[in-house]
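The values are calculated or read from the model by the stated rules, or taken from the named source; none is laboratory data. Predicted, not measured: the structure shown is a model, and the values here were computed from it. Reconstructed Cβ throughout: ideal geometry from the backbone, glycine too, with neighbour counts over all protein chains shown.
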Amino acid sequence: MSEVTRSMRATTGPAVARVARRRVALPSGWWGMALFVATEAGIFGSLIAAYFYLSFQATRWPPPGIDPPSIALPLALTAALVATSVPMFLAARAARAGRAGLTGGLIGGALLVQGAYIAVQAVLYADDLRSFSPRDSAYGSAYFTLLGAHHAHVVVGILLGLAVLARLPGGLTNYRVIGVRAVALYWAFVNLAAIFVVLTELSPSL
Amino acid sequence: MATAVATPEARARVDRLERIWTERPGLVGWLTTTDHKRIGLMYLFAASAFFLAGGIEALLVRTQLAAPEQGVLSPQAYNQVFTMHGITMVFLFVIPISTGAFGNYLLPLMIGARDMAFPRLNALSFWIFVASGVFIYAGLAVGQAPDAGWFDYVPLASKQFSPGMGIDFYALGLIFVTISTTAGAVNFIVTIFKLRAPGMSLNRMPLFCYAFLAVSGAIVFALPALTVALVLLELDRQLGFHFYDIAQGGDPLLWQHLFWIFGHPEVYIIILPAFGIATSIIPTFTRRRMVAFPLVALAEILVAFIGFGVWVHHMFAVGLPTIVTIYFAAASLIIVIPSAIQLFAWMTTIVTGTPRFSTPLLWIVGFIVFFIIGGLTGIMFAAIPFDQQLTDSYFVVAHFHFVIFGAAVFPLLGGLYYWFPKVTGRMYDERWGKASFWVTFAGTLLTFFPMHVLGLLGMPRRDYTYHAGLGWGALNLMETIGSYVLTAGLLIVVATLVAGLRRGRPAGDDPWGGDTLEWATSSPPPAYNFAVIPKVSSAYAMWDRKDREEDARKLDRGELVLDRGHETPASTVLDAELDEILAMPSSSWAPLLLALALAGVFAMLLLGHVVTAGAFGGLAALVLFAWHTHEPQVAR
């Protein structure tokens, strides 16, 4: 019995690190998030499939009067967003090592880039809405819905990051460490999905 | 207590567990509960209420069709009633009762755990299920029920042809209920992966749990397609998008593809829990282990997996390219193999065992009969020319009622009888139990079998009436009589169980000599499930007498009693080696409040108040944050 940890009792940095070192399997919270993003992958898979299904039916995609999307800026933005996977991954490691300050710093840094990303994307989205509408064609519907779904996931990710950050001044507990790991996993998924979304969105220009 | 309490120390440990795990009394206790057994019971009663509603709708349909050219229901009302019947039975009855009630109550007990992996998420699933059911029925209450059938094809379901709010109730209500179902599925998978009692490696896990693993996996990957289909439909209807609008470059077939990518796995989501219940009841009443255990486990997973590759067989008549339809016809034939493996394993187990045909096993025999009938007609639909001839006829209605009612609901009813002594601590009357089976069995055959003939004669499904000159009156009357006999059978089930609850003799912990761990604890089980986390060394843990005696000794020694908090052990995923001890969350208002906030979001989206919906969304986010500030390590 003595060798088995009561992991939830870990409420200090060193205790948290000890629990994380001793644990053999992945924690329940990690599995919960893994399955949640699996179902989310189904959402993006269906949306992307719907986009291509409609594009294959069309004679012109995008329809006449709508410019194909520009390539450079969306790819650069996606690269910046995907890069935040690194600080999020490191934050999960720092949390497992029981280092609350470092964890918070890394999440905060990632949040700055993610926040800037969504701000620029919102401006671009509004720009696109001025040049064509989701109500004019199936292309517009598919384009704005797919991008909107992606943006919504980024916003949720930012909210999750902020929620975790808000809990860190009280120090790390096992519960919070698993929270950080789950949020890092969520971001890994959002960033992976971002690559598929941007390639789908740019497919008429590629 | 099943585990014998021999010493004062053991007594003190059990008392401590009792104190730690007992929830608040009264209504507040139920509203804030995170106990999987209480949540399971609430699921049972809520799903039964929806079953009653769906059953009344079925009787209305059958009464309207009892004779030609009747006017019990107007054509409009008829459309609403059969649509609501389908939605109710699929989304608000079968899935919630099989996963929500049976899975919730039994799965943690079978794997020797004290709760689900995420107890508060479990409560959230339940409250969202209730809220979404009320949401969908609110449409009926205000006379705006959906009326485009349960698969809701566009363009009929588009704003142009269904201008009312019925389809919006359908789309938003189903998006809402999928949140509940998905959350439940995630919870089951993590519970199975993480909370199995030390020693219950995957090869020692009961087949019931394999079935639930397969169902949950199918839910996680199938429901997103439905969610996306519904979101796109609402975007078309409410914001004027063009996903399904052929005039602007959309395509109505996109709806059919997305719906059936969900819809066929859904069939297995409905029936796999029934398979799980069958594999629980059969070994107990035949006094032998399941034949071909690993093959059956594998077949349960395979059915769920292959179920994703057959959806186009619902669309053979829409004019897809031959190469596509042939591929899906082949896939639809292949899925017969894992289904047949299970069927033959059940039958062989019964034949080579020493069967005792008590009520629960009778329902399973009925299930096997109906699964053979429904399965054989299912294979027929894999043949493209046959399907094209009979699509949208009453033959289809016959087929899926044998599968969904005969094969999916019969084991649920058998399961009700089987686990009744465990849940209530009392026995039902065996003679009435058998009578209820025979009446329901006869009613089911009488209701659904003539539908095959009517379908072959050309009677279409979903028509509100038929001409007298067609000669379909006698068979239709037979079906309607059958549906009332069936109802009588179900009422006898209810009466038998209620009588058992009131006057039944005490059942004891293990009246059947069951093979899985739920029989190791008292009836009804205490809040903490097991005084000692049970030792497991085979898939038939209750038949390992030495292990159960070892449990009693462990209680004396205080080993794995975990009486220092709201605790349960977590194990490694494959080998189930004890890894850590988890403190579990206990009663909380957050799940109920979050479900209410989400109900606000969906109600406001229905009414087109996007800003107010956003405000409710913000409220939901705040509740979620508050939820996570209450961390389980904080002692109560």
Problem - So residue B:65, is it surrounded by fewer than 21 Cβ atoms within 10 Å (Cβ to Cβ) and over 30 Å from residue B:521 (Cβ atoms) - result: no
Problem - Candidates A:125, A:117 - the one that is hydroxyl-bearing (Ser, Thr, Tyr), surrounded by fewer than 18 Cβ atoms within 10 Å (Cβ to Cβ) and modelled with pLDDT of 95 or more - result: A:125
Practice task
Specify the residue that is surrounded by the fewest Cβ atoms within 10 Å (Cβ to Cβ); the eligible residues are those in segment A:42-54 that are in contact (Cβ under 8 Å) with a residue 40 or more places away in the chain and either facing chain B (nearest Cβ under 8 Å) or polar (S, T, N, Q) (or both).
Solution key: A:43
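If you take the residues of segment B:229-254 that are assigned to a helix (DSSP H, G or I) and touching a helix residue (DSSP H, G or I) at 6+ places or on another chain (Cβ under 6 Å), which of them is nearest to residue A:133 (Cα to Cα)?
Result: B:248.
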Practice task
Scan segment B:149-195 residue by residue and report those that are assigned to a helix (DSSP H, G or I) and either at pLDDT below 95 or more than 14 Å from every other protein chain (Cβ to nearest Cβ) (or both).
Solution key: B:166, B:167, B:168, B:169, B:170, B:171, B:172, B:173, B:174, B:176, B:177
Practice task
Go through the residues of segment A:125-132 one by one and say whether even a single one is within 30 Å of residue B:244 (Cβ to Cβ) and small (Gly, Ala, Ser).
Solution key: yes
Problem - Single condition residue A:26 does not satisfy, out of (1) over 27 Å from residue A:163 (Cα atoms); (2) within 14 Å of another protein chain (Cβ to nearest Cβ) - result: (1)
Handout entry: Candidate set: segment B:203-239, residues that are in contact with an Asp or Glu (Cβ under 8 Å, 6 or more places away or on another chain) and more than 12 Å from chain A (Cβ to nearest Cβ); chosen: the one farthest from residue B:518 (Cα to Cα)
Key = B:237
Exercise for the section: Could you tell me whether any residue of segment B:124-133 is within 14 Å of another protein chain (Cβ to nearest Cβ), surrounded by 20 or more Cβ atoms within 10 Å (Cβ to Cβ) and among the polar types (S, T, N, Q)? Expected result: yes
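Filter segment A:42-65 down to residues that are of a type in the set (Val, Ile, Thr) and at pLDDT 95 or above and give me whichever is nearest to residue B:261 (Cα to Cα).
Only one residue fits best here, namely A:43.
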Handout entry: segment B:373-406, residues that are on the phi < 0 side of the Ramachandran plot and among the charged types (D, E, K, R)
Key = B:387
Exercise for the section: Give the residues of segment A:21-40 that are of a type in the set (Phe, Trp, Tyr) and either under 25 Å from residue A:4 (Cα atoms) or without any contact (Cβ under 8 Å) to a residue 60 or more places away in the chain (or both), sorted by residue number. Expected result: A:30, A:31
Handout entry: Which listed residue is surrounded by fewer than 20 Cβ atoms within 10 Å (Cβ to Cβ) and either touching a Pro at 6+ places or on another chain (Cβ under 8 Å) or within 14 Å of another protein chain (Cβ to nearest Cβ) (or both), from A:140, A:109
Key = A:109
Practice task
Please find, among B:242, B:264, B:257, the residue that is within 21 Å of residue B:381 (Cα to Cα) and within 8 Å of chain A (Cβ to nearest Cβ).
Solution key: B:257
Handout entry: Residues that are touching a residue at least 60 places away in the same chain (Cβ under 8 Å) and among the hydroxyl-bearing types (Ser, Thr, Tyr), drawn from segment A:1-20
Key = A:7, A:11, A:12
Handout entry: Selection within segment B:149-164 - surrounded by 20 or more Cβ atoms within 10 Å (Cβ to Cβ) and of a type outside the set (Ser, Thr, Tyr)
Key = B:152, B:154, B:157
Fill in the blank from the handout: Of the candidates A:167, A:130, A:135, the one satisfying the condition of being more than 19 Å from the chain's Cα centre (by Cα), free of Cβ contacts under 8 Å to residues at least 60 places away in the same chain and not in a helix (DSSP H, G or I) is A:135
Practice task
Can you tell me which residue among A:63, A:74, A:87 is away from chain B (no Cβ under 14 Å), touching a helix residue (DSSP H, G or I) at 6+ places or on another chain (Cβ under 6 Å) and closer than 30 Å to residue B:231 by Cα?
Solution key: A:74
Practice task
Name the single residue, out of those in segment B:279-304 being without any contact (Cβ under 8 Å) to a residue 60 or more places away in the chain and within 22 Å of residue B:331 (Cβ to Cβ), that is surrounded by the most Cβ atoms within 10 Å (Cβ to Cβ).
Solution key: B:299
Completion exercise
If you go through B:175, B:219, the only one that is of a type in the set (A, V, I, L, M, F, W, C), surrounded by fewer than 24 Cβ atoms within 10 Å (Cβ to Cβ) and touching a residue at least 12 places away in the same chain (Cβ under 8 Å) is B:175
Handout entry: Near pairs, Cβ below 7 angstrom, 6+ apart or cross-chain, from segment B:238-250 (basic (Lys, Arg)) to any residue that is at pLDDT below 95 and surrounded by fewer than 16 Cβ atoms within 10 Å (Cβ to Cβ)
Key = none
Fill in the blank from the handout: Being in a helix (DSSP H, G or I), within 24 Å of the chain's Cα centre (by Cα) and more than 14 Å from chain A (Cβ to nearest Cβ) narrows B:269, B:281 down to just B:281
